[in-house]
Amino acid sequence: LEYRRREQLGYPLHLINIRGIVRSFTLKNLLVPFLVVTSLWQASRLLRRFRPQVVIGTGGYVAWPVGRAAISAGIPLVLQEQNSYPGIVTRRLAARASKLFLGFEEARRYLPETAATRVTGNPVRRSLLNGNREAALKKFKLDPRKKTILVLGGSQGARAINRAVLRSLQNTTWSECCQLLWQTGKRGYTEVVAQAGDRVTGHTLFPFADDMAAVYAAADIAIARAGALTLAELEACRVPAVLIPYPYAAGDHQRKNAQSLVARDCARLLNEEELSHRDILAVAAQLLTSGEAEQMKRHLATSAPKEPAVDVIAREVIAIAQQQLPQEERIAD
């Protein structure tokens, strides 16, 4: 998605030759020291060429050489950490960053006390908030008299979610009040359709959606993984959720992300191992019929940031960049 958007906007792309460390033993890790040196040289060369006023890193291993080169060159470094448990790159660079924007308050406990942190939440596309429920239900051929359970089965390791929902289809009691809007993922679509057969009659399945504003507008509750940006979108669109953290995420960060929403009464958490014996659709339906989902929705509204994260981050990054310019070149507020 980001790659397509960059092409649409016409921004140039410059690649750096780096990759992360594989946590299990592999000979590929022997190349990492060489790649570290090479990537630092590439990053330093790019910074000398472009002479930026500020460098922004959003975590991930590729942010390390660029961030480290920026610090060495005296260029202000701004970091944006999406998860409640910061990645190793954020933890290593935090003390030297000019500003560190956090998606979750809980991330602060893993960072140096001297780090210049600010909790903003994670930025989301403004277009996500433009969905119209009536139009969305019509677009997806859903019944406006029923509650809609959104299944996001296209994210990391989400085959387990797709299979859990397939098992739940055998019990149809939930379908009296609810219907499915099910994103299976491109890889899972054929398998899900073949196994579900006529049990998904009256429900809407699709491999991938470009119009996520309509998807969220149609949803009364979601079943999803707990990636930081998925949670940011659910929060922004006020969609309560049953969250199943990906158990193999680095530092178990998806569980920590989910626990942040659960602590605010905005979501329910299920462990992946529970999926073998829990009727996941019945869990979601019970939250809807009991009124708990509506309470979660209200908590999402009251706990939302007062200002969109994208506005806060953009304003502060511009201010930092302005400080690097001569007085006569600065743009007036």
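List of remarks:
- Cross-chain or 6+ apart pairs with Cβ under 9 Å, segment 88-105 first and among the hydroxyl-bearing types (Ser, Thr, Tyr), then in a loop (DSSP other than H, G, I, E, B): 90/59; 90/83; 90/97; 90/111; 98/54; 98/76; 98/116
- In segment 257-273, residue farthest from residue 159 (Cα to Cα) [restricted to those that are touching a residue at least 40 places away in the same chain (Cβ under 8 Å) and buried (at least 20 other Cβ atoms within 10 Å of the Cβ)]: 260
- Any hit, segment 116-125, residues being surrounded by 19 or more Cβ atoms within 10 Å (Cβ to Cβ), of a type in the set (Val, Ile, Thr) and over 21 Å from the mean Cα position of the chain (by Cα): no
- Segment 274-333, residues that are touching a helix residue (DSSP H, G or I) at 6+ places or on another chain (Cβ under 6 Å) and either free of Cβ contacts under 8 Å to residues at least 40 places away in the same chain or within 23 Å of residue 78 (Cα to Cα) (or both): 330
- Close contacts from segment 108-129, counting a first residue that is free of Cβ contacts under 8 Å to residues at least 12 places away in the same chain and not assigned by TED's automatic domain parsing to the domain that holds residue 235 and a second that is part of a loop (DSSP other than H, G, I, E, B) and of a type in the set (A, V, I, L, M), with Cβ to Cβ under 9 Å and a gap of 6+ residues or different chains, come to 108/115.
- The helices (runs of 4 or more DSSP H) found wholly in segment 1-107 and carrying at least 1 residues that are out of contact with any helix residue (DSSP H, G or I) (no Cβ under 6 Å at 6 or more places or on another chain) and either at pLDDT 95 or above or surrounded by 20 or more Cβ atoms within 10 Å (Cβ to Cβ) (or both) occupy 32-50, 63-73, 88-93.
- The set of residues from segment 308-332 being farther than 26 Å from residue 121 by Cβ and among the small types (Gly, Ala, Ser) comprises just one member, 332.
- Residues that are farther than 18 Å from residue 229 by Cα and under 21 Å from the mean Cα position of the chain (by Cα) within segment 298-316 comprise 299, 302, 306, listed in sequence order.
- Residue that is nearest to residue 151 (Cα to Cα) [pool: residues in segment 180-210 that are among the acidic types (Asp, Glu) and free of Cβ contacts under 8 Å to residues at least 12 places away in the same chain]: 210
The values are calculated or read from the model by the stated rules, or taken from the named source; none is laboratory data. Keep in mind that this is a model prediction, so the values were computed, not measured. Cβ atoms come from the backbone with ideal geometry, glycine included; neighbour counts cover every protein chain shown.
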